[in-house]
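Heads up: the structure comes next, in structure tokens.
The values are calculated or read from the model by the stated rules, or taken from the named source; none is laboratory data. Everything numeric here is computed off the predicted structure, so don't read it as measured data. Glycine gets a Cβ as well: all are built from the backbone with ideal geometry, and neighbour counts include every protein chain shown. Heads up: the accessible areas ignore ligands, DNA and RNA and are worked out on the full protein's heavy atoms, side chains in. Shrake-Rupley method; radii C 1.70, N 1.55, O 1.52, S 1.80 Å.
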Amino acid sequence: ASTPIDPAELKKRFDFRKDTLSTPETRTVVQIPAKDPATALEIAQQLTKGADPGLIAKTHGVEAITYAGKPQTAIPDHKVAVAAFQTPTGVVATVKGDLGLAVVKVMSVTPGRAVTLEEVRPALEAEIRKDAAAEKVYALTQAYDDAHQGGANLAAAAAKAGVPVVSMGPLTQNGRDLTGQPVPGLSQKLVE
């Protein structure tokens with residue numbers, strides 16, 4: 001718990017995980033495919049006037065696609081996604097996307113929220129300390145195992161790994177000594 005945290009490691013983890021810790025901007029967008037520029041213009045005019053997107057699409061023999069509260073990455077056509085996330089709320093845009101011509105209308109925008117290092121510092125520091133502890137335990141275990149495999153007995157292998165050896169007298173299955181008292185420093189998990 002008292003292990004000092006390397007600021008460079010903290011910054012590196014924050015930079016690596018910043019996007020997953022933050023909340024992306026989401027939008028509700030209606031997309032209507034258009035067969036040609038003239039159809040796209042007609043669809044755009046109707047959407048601008050507030051006509052129902054489903055009825056407009058049906059009139060033109062296509063289906064309206066609604067992305068309700070989705071981040072930019074949820075819209076499969078990259079060019080349509082970029083256009084939809086650059087268009088203000090209530091505005092209609094015609095886009096020549098990767099998958100064809102489309103008309104989009106942004107219905108609503110929910111701003112994203114980027115986390116700061118200070119907000120996630122305690123969690124990242126705890127994670128770094130936990131990883132450091134796991135690495136230390138692994139190193140000690142390897143040192144013990146190497147010594148033990150090399151023929152050292154338990155006490156000698158533990159000494160080589162730099163960990164103390166504690167000898168205990170007889171104990172019961174529930175971790176009590178001959179007088180019925182709990183053995184200090186011995187948890188039930190360790191007894192098991």
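Residue check: is Ala8 open to solvent by less than 30 Å² (accessible area, probe 1.4 Å) and either modelled with pLDDT under 95 or outside any strand (DSSP E or B) (or both)? The answer is no for Ala8. If only residues of segment 105-135 that are more than 15 Å from the chain's Cα centre (by Cα) and basic (Lys, Arg) are counted, the one that is most open to solvent (accessible area, probe 1.4 Å) is Lys130.
Residue under question is Gly169, and the condition is that it be more than 33 Å from the chain's Cα centre (by Cα), on the phi > 0 side of the Ramachandran plot and not aliphatic (A, V, I, L, M); does it hold?
So Gly169 does not fit the description; no.
Evaluating Pro33 against the criteria (1) surrounded by 13 or more Cβ atoms within 10 Å (Cβ to Cβ); (2) touching a strand residue (DSSP E or B) at 6+ places or on another chain (Cβ under 7 Å); (3) at pLDDT below 95 leaves one unmet condition, (3). Taking the options Ala147, Ala152, Ala143, Ala102, name whichever one is surrounded by 15 or more Cβ atoms within 10 Å (Cβ to Cβ) and in a loop (DSSP other than H, G, I, E, B). The unique qualifying residue is Ala152. In segment 67-99, of all residues being free of Cβ contacts under 8 Å to residues at least 24 places away in the same chain and in a helix (DSSP H, G or I), the one that is least open to solvent (accessible area, probe 1.4 Å) corresponds to Ala81. Only a single item in (1) farther than 13 Å from Ala102 by Cβ; (2) modelled with pLDDT of 95 or more is not met by Tyr67, and it is number (1).
Evaluated against (1) under 18 Å from Ser108 (Cα atoms); (2) open to solvent by 60 Å² or more (accessible area, probe 1.4 Å); (3) out of contact with any Lys or Arg (no Cβ under 7 Å at 6 or more places or on another chain); (4) at pLDDT below 95, Gly54 falls short on exactly one condition, (2). Within segment 40-53, residues that are part of a helix (DSSP H, G or I) sit with their Cβ atoms under 8 Å from residues that are open to solvent by 80 Å² or more (accessible area, probe 1.4 Å), at 6+ positions apart or across chains, in these pairs: Pro53/Thr66. Regarding Lys18, is this residue in contact (Cβ under 8 Å) with a residue 12 or more places away in the chain, over 30 Å from Thr116 (Cα atoms) and either in a helix (DSSP H, G or I) or not aliphatic (A, V, I, L, M) (or both)? Criteria not met by Lys18.
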